[in-house]
Amino acid sequence: MLKLKITFIFLVFLLSLNVSLLATPWALVLSGGGARGAYEAGVLKAIEKLDLNVKGVYGTSTGALNGAFFVQGAVATLYKMWQNLSLSNIVMLPSTFSTNTSNFYLGAMQHMLMSKSFSVEPLYNLIKKSLNESKIRKSGIDFGLVTFDLSNFAPVEIYISQMPKGSLIDYLMASSNYPLFQRWTIKGNTYIDGGVYNNAPVNMALSKGFKKILLVDVSDVPIFLPHIPQGTTLKIVKPSGPLGSVMDFVPQKEMLWEKMGYLDTMKAFGKFVGQNYYIYPSTKNFLIDKMLKMNRNELEKIAKLIGANIENCTNDFAVYERIIPKILEMVPSTSFTSLNLSLMETTAKYLGINRLTVYTQESLCKAISKATLPPENSSWFPFESINPKVAILVWEICKCSVK
């Protein structure tokens with residue numbers, strides 16, 4: 001009996017071990033994108049939260065830098081760093097130089113015309129202070145990056161096992177050597193940003209035999225993907241909203257991009273639903289349930305809004321056979337679930353409700369009920385796909401539900 005108990009306890013212990021140990025390993029590919037890399041920091045935070053079994057990380061430019069922090073196990077440090085990262089943390093700027101993005105590019109052009117480039121000493125010092133090459137090499141996670149050797153005019157796709165010890169920081173700086181920056185040299189050879197050759201090195205993950213690859217694409221130019229072999233899964237996470245330019249190092253913006261990266265990734269792995277918003281999954285259809293629970297006066301009011309005749313109908317019949325068909329004429333959907341979410345999201349967007357937060361159906365409905373509708377006959381249409389009648393209908397349902 002004692003032996004059986006010990007065996008049982010041992011089996012329970014094995015089952016309690018992190019399932020990621022038994023899962024098929026993932027490779028993570030992080031594209032270049034300059035300041036847009038703040039989004040990747042949010043993605044990496046989500047990957048930690050999801051506990052993906054990542055065994056390879058490959059990146060270009062800012063993606064290589066972010067990837068090195070992930071391999072080191074320093075995502076929290078990276079996330080905090082991006083929240084305070086300004087242009088002065090990247091390059092040395094003249095005292096009269098504007099950090100406004102549009103003015104920066106104008107000033108940069110003038111700077112280049114005077115045969116000058118920007119020293120990246122601040123970035124070098126920041127990376128050198130934050131990263132530990134020994135920890136990265138001992139992490140058990142493969143790492144690789146892309147740069148371009150100008151001296152030999154040849155691309156360089158290099159894994160950490162191929163880098164001489166003590167050279168990782170140099171290769172990271174070479175990979176992220178934006179054209180406006182002073183060129184980076186390694187053993188007499190001059191390098192430039194790897195994005196000029198391969199801004200999303202999926203091929204490096206394929207070469208290592210990975211069957212599951214997660215690509216984070218924050219590039220501001222199209223990327224070119226290699227052939228993905230049969231049996232290999234390529235999952236792509238891209239920003240669901242606009243990001244700034246590659247030199248838009250503004251902490252307030254970077255915080256929002258981090259948040260977007262985190263939420264987009266959690267949604268990509270099924271933790272949230274919705275097209276534009278982030279809503280906890282539910283088996284309920286909140287709006288439809290609320291219509292079914294309305295009293296007669298409330299139901300007649302919303303029916304009138306959309307021209308549905310519910311005279312001599314029971315409430316249930318009115319909802320399913322008169323009101324919903326009218327709604328479907330304005331918002332085509334394939335199921336009650338998709339209709340319910342579509343109504344809530346389009347109305348929330350129409351009313352300008354913050355999307356970078358997590359909602360339940362009930363909390364999103366509450367936010368809708370507190371919003372102010374545009375004036376009647378208003379010509380204000382935040383986007384063309386919404387029928388104002390739909391927004392008013394959903395707003396009325398939500399108002400009734402929070403009484």
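General observations
- Test: residue in segment 203-222 that is in contact (Cβ under 8 Å) with a residue 24 or more places away in the chain, in a strand (DSSP E or B), open to solvent by 40 Å² or more (accessible area, probe 1.4 Å) and among the acidic types (Asp, Glu): no
- Test: residue in segment 39-50 that is at pLDDT 95 or above, under 17 Å from the mean Cα position of the chain (by Cα) and at positive phi: no
- Residues that are surrounded by fewer than 24 Cβ atoms within 10 Å (Cβ to Cβ) and either closer than 19 Å to VAL146 by Cβ or modelled with pLDDT of 95 or more (or both) within segment 1-35 comprise PRO25, TRP26, GLY34, listed in sequence order.
- Scan of segment 269-282 for residues that are open to solvent by 70 Å² or more (accessible area, probe 1.4 Å) and of a type in the set (Phe, Trp, Tyr), ordered by number: TYR280
- Some residue of segment 362-381 being at pLDDT 95 or above, open to solvent by 20 Å² or more (accessible area, probe 1.4 Å) and among the polar types (S, T, N, Q): yes
- For segment 166-184, the count of residues that are open to solvent by 40 Å² or more (accessible area, probe 1.4 Å), assigned to a loop (DSSP other than H, G, I, E, B) and at pLDDT 95 or above is nonzero.
- The requirement of being modelled with pLDDT under 95, of a type in the set (Gly, Ala, Ser), out of contact with any Ser or Thr (no Cβ under 7 Å at 6 or more places or on another chain) and in a helix (DSSP H, G or I) is fulfilled nowhere in segment 64-78; no residue meets it.
- Segment 283-317: number of residues that are under 15 Å from CYS365 (Cα atoms), open to solvent by less than 60 Å² (accessible area, probe 1.4 Å) and in contact (Cβ under 8 Å) with a residue 12 or more places away in the chain: 6
- Residues in segment 44-64 that are open to solvent by 20 Å² or more (accessible area, probe 1.4 Å) and not charged (D, E, K, R): LEU50, LEU52, ASN53.
- Restricting segment 225-254 to residues that are in contact (Cβ under 8 Å) with a residue 12 or more places away in the chain, outside any strand (DSSP E or B) and over 29 Å from MET81 (Cα atoms), the residue that is least open to solvent (accessible area, probe 1.4 Å) is THR232.
- Qualifying residue in segment 135-148 (condition: open to solvent by 30 Å² or more (accessible area, probe 1.4 Å), closer than 18 Å to LEU78 by Cβ and over 26 Å from the mean Cα position of the chain (by Cα)): yes
The values are calculated or read from the model by the stated rules, or taken from the named source; none is laboratory data. From a predicted model like this one, the values you see are computed outputs, not experimental measurements. As a convention, Cβ positions derive from the backbone with ideal geometry for all residues, glycine included, and neighbour counts pool all protein chains shown. Ligands, DNA and RNA are stripped out before the accessible areas are found, and what is left, the full protein with its side chains, is counted by its heavy atoms. Shrake-Rupley method; radii C 1.70, N 1.55, O 1.52, S 1.80 Å.
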